[in-house]
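Report on one structure; see the data block that follows.
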Amino acid sequence: MSHSLASLKKFGVLGSGQMGGGIAQVAAAAGFSVLLADRDQATAENGKSKIAAGLKKLVEKAKMTEAETKTILDGITCVGGLADLKDCDLVVEAATENVALKFQLFKQLDETCKPGAILATNTSSISITLIAAQTKRPGLVAGMHFMNPVPVMKLVEGIRAIQTTDATFATVKAAAEKMGKTFVSVQDIPGFAVNRILMPMINEAAQVVYEGIATVEDVDTAMKLGTNQPMGPLTLADFIGLDTCLAIMEVLYTGLADSKYRPSPLLKQMVSAGWFGRKNKKGFYDYANAEAPTPMRWGSK
């Protein structure tokens with residue numbers, strides 16, 4: 001089966017959380033017919049309701065019209081599970097960053113989806129080559145790493161497994177560009193390009209705090225004002241999720257076998273304590289007051 005953008009009619013998204021919901025939204029906005037799947041129908045419906053809530057805020061701020069939001073929501077159909085993606089032309093998996101889970105899902109997608117369907121993963125660090133090897137269609141597997149929040153961030157990092165065909169990669173590039181994204185091509189190396197650069201910076205920022213070199217707020221202020229970053233690395237880490245940051249650092253550390261990627265002990269401690277950042281209101285900052293987060297202090301209650 002030859003692939004082209006014109007051949008992509010049904011667009012499946014597996015995973016209706018923050019990333020999956022964002023991917024479903026931009027795909028529907030681009031005119032794709034989107035099927036949104038999760039472990040069950042109720043979970044997918046909950047994901048769609050969060051998309052609707054986000055779009056409502058855009059209408060209130062006059063950044064989108066009611067008609068535009070209706071078109072997007074009408075373009076997203078929630079389904080009961082992975083089996084309902086069988087007729088999709090392209091499926092993007094956006095489940096939790098867990099190797100065993102992704103391997104299992106790709107085996108199931110391969111068995112379920114029609115011959116010729118492209119299977120893409122939104123993984124931020126796991127080997128696309130290994131994921132492709134779980135299937136009987138490795139040439140039809142590629143990485144489409146969207147950035148968070150998906151509707152706002154313009155980049156898709158396209159990752160090519162050693163098995164990915166030229167036609168598959170050209171098709172996922174065209175799909176990303178139809179969704180209004182800029183597509184950069186990256187080889188399948190742990191961390192790819194963005195996280196290979198970003199995560200060691202976040203990890204080093206954590207280490208600077210751990211060693212008492214500077215406080216949380218001074219690290220963020222220094223990097224914002226000294227390097228013109230829109231937000232400090234520790235604020236960004238909380239936004240991404242410290243558990244996700246640690247998982248990516250561990251992939252870099254084991255995958256590249258280089259001590260410079262050793263996760264900061266502070267990052268490991270925080271994740272062990274259940275401090276994941278914004279998603280559970282405590283990370284490098286305490287978000288009990290969402291309007292005015294306070295920097296965390298170590299060694300005091």
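Only one entry of ALA52, ALA30, ALA6, ALA24 meets the criterion of being farther than 17 Å from MET179 by Cα and among the small types (Gly, Ala, Ser), and that entry is ALA52. Inspection of the stretch 179-195 finds no residue satisfying the criterion of being at pLDDT 95 or above, part of a helix (DSSP H, G or I) and either of a type in the set (D, E, K, R) or more than 30 Å from ALA100 (Cα to Cα) (or both). Picking from residues in the stretch 35-69 that are in a loop (DSSP other than H, G, I, E, B) and among the aliphatic types (A, V, I, L, M), the one that is nearest to the chain's Cα centre (by Cα) is MET64. In the stretch 241-264, the residues that are within 11 Å of PHE276 (Cβ to Cβ) form Cβ pairs under 6 Å with partners that are among the basic types (Lys, Arg) and surrounded by fewer than 21 Cβ atoms within 10 Å (Cβ to Cβ), at six or more places apart or across chains, as follows: GLY241/LYS279. Any residue that is over 11 Å from ASP89 (Cα atoms), touching a helix residue (DSSP H, G or I) at 6+ places or on another chain (Cβ under 9 Å), modelled with pLDDT under 95 and part of a loop (DSSP other than H, G, I, E, B) - is there at least one of those in the stretch 2-14? Looking for residues that are over 11 Å from ASP89 (Cα atoms), touching a helix residue (DSSP H, G or I) at 6+ places or on another chain (Cβ under 9 Å), modelled with pLDDT under 95 and part of a loop (DSSP other than H, G, I, E, B), one finds at least one in the stretch 2-14, hence yes. Condition check for THR164 on (1) surrounded by 19 or more Cβ atoms within 10 Å (Cβ to Cβ); (2) in contact (Cβ under 8 Å) with a residue 40 or more places away in the chain: one failure, at (2).
Among the residues of the stretch 281-295, what is the count of those that are surrounded by 12 or more Cβ atoms within 10 Å (Cβ to Cβ) and part of a loop (DSSP other than H, G, I, E, B)? Total satisfying the criteria: 5. Of all residues in the stretch 148-157, those being surrounded by 18 or more Cβ atoms within 10 Å (Cβ to Cβ) and within 11 Å of the chain's Cα centre (by Cα) number 3.
The values are calculated or read from the model by the stated rules, or taken from the named source; none is laboratory data. Keep in mind the model is a prediction, meaning the values are calculated, not measured. Positions of Cβ are backbone-derived with ideal geometry, glycine not excepted, and every protein chain shown enters the neighbour counts.
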